[in-house]
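Here is the structure we will look at, set down as structure tokens.
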Amino acid sequence: MTALRPVKLEIRGVSLERYNERTRQRLAVLDRIDLQVCEGELVSIVGPSGCGKTSLLNAIDGLIRVTAGDILVDGQPVDKPGPDRAMVFQNDCLFPWRTVAANIAYGLELQGKLTRREMRERAGALVELVGLAGFAEHYPNELSGGMRQRVNIARALAMEPELLLLDEPFAALDAQTREFMQFELKKILVRASSTALFVTHQIGEAVFLSDRVAVFSARPARIKETIDIDLPQARTLDLKHQAPFIELERRVWRLIEQEAQTAGMMTVA
């Protein structure tokens, strides 16, 4: 964990069960999860398919209630959605009738705290931040998949959340665009001084983006190990071909492979 930084997110002994009305059975999803994310960190969660990674993000966002334990953001318990957290999903979910700038400003309009001029200025600054200068007045159907996902990230950042939650935001992109978006996201979050929790099934993506990677066990998920990513903060795509990166990637893969074998499956998601 990054030393001397305040703790932004604290997960204490969190367990989650789901009840199936049809079968009248309970399914254990999360089992006593303990995790801290410090201010300015990006921590990734990886693990076998269906182990509960997205369920944990939904609980942190306040969309579902945990069965046991506590989730705190800046020391305050989470019991419902709030403006201190923002979620970025796999699909961009942009409004096709709104321009890039208007999509970014949508949450600000709902919040009603800024004047129109202030909203325009913040949206304009975020257009620049995510590398879309010149596209503020374009519509989503005029953008590539990677550009739309940048708008999606900018819309989340517009609310100035204390914590950004990213649920496989590049899953729908082609392999080449995904590689470039990893590099762009790293730059964006550093510039915005954001704290983020990132769920992905791509191990190389987790290693490239993160300060730490939390490896989940098979369901019910426990944290099998948390790995410090001891790589330079200024990362380029060439880093993925260097020995320290490859060794970290292999280390994470070995842990997930053990869990997948134990659970009788070899797919990772």
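The values are calculated or read from the model by the stated rules, or taken from the named source; none is laboratory data. Just so it is clear, the structure is predicted and the values come from calculations on it, not from any experiment. Here the Cβ positions follow ideal geometry from the backbone for every residue, glycine too, while neighbour counts run over all protein chains shown.
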| said: For the stretch 108-133, which positions are within 21 Å of the chain's Cα centre (by Cα) and either surrounded by fewer than 17 Cβ atoms within 10 Å (Cβ to Cβ) or assigned by TED's automatic domain parsing to the domain that holds Ser194 (or both)? | reply: Gly131
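Per-residue answers, yes or no, for (1) of a type in the set (A, V, I, L, M, F, W, C); (2) buried (at least 19 other Cβ atoms within 10 Å of the Cβ); (3) under 30 Å from Glu257 (Cα atoms); (4) in contact with a helix residue (DSSP H, G or I) (Cβ under 9 Å, 6 or more places away or on another chain):
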position	(1), (2), (3), (4)
Phe135	yes, no, no, yes
Pro140	no, yes, no, yes
Glu160	no, no, no, yes
Glu168	no, yes, yes, yes
Ala175	yes, no, yes, no
Phe180	yes, no, yes, yes
Phe183	yes, no, yes, yes
Thr200	no, yes, yes, yes
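Could you list all residues from the stretch 39-64 that are among the β-branched types (Val, Ile, Thr) and more than 13 Å from Leu166 (Cα to Cα)?
Within the stretch 39-64, just Ile64 meets the criteria.
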| request: Quick one: which residue in Leu72, Leu42, Leu9 is touching a strand residue (DSSP E or B) at 6+ places or on another chain (Cβ under 8 Å), surrounded by fewer than 17 Cβ atoms within 10 Å (Cβ to Cβ) and closer than 23 Å to Ile227 by Cα? | output: Leu72
| message | Regarding the stretch 242-253, can at least one residue be identified that is assigned by TED's automatic domain parsing to the domain that holds Val14 and within 17 Å of Ser49 (Cβ to Cβ)? | response | yes
| field | Residues of the stretch 38-83 satisfying the condition of being under 17 Å from Ala196 (Cβ atoms) and of a type in the set (S, T, N, Q) | value | Ser44, Thr54, Asn58
| message | Among the residues that make up the stretch 118-136, is at least one of them over 16 Å from Met159 (Cβ atoms), β-branched (Val, Ile, Thr) and assigned to a loop (DSSP other than H, G, I, E, B)? | response | no
| remark: In the set Leu114, Leu163, Leu157, Leu129, the lone residue that is of a type in the set (A, V, I, L, M, F, W, C), free of Cβ contacts under 8 Å to residues at least 24 places away in the same chain and under 30 Å from Val78 (Cα atoms) is Leu114
| request: Could you check the stretch 1-95 for strands (runs of 3 or more DSSP E) lying wholly inside it with 1 or more residues that are over 29 Å from Leu173 (Cβ atoms) and free of Cβ contacts under 8 Å to residues at least 60 places away in the same chain? | output: 7-20, 25-38, 68-73
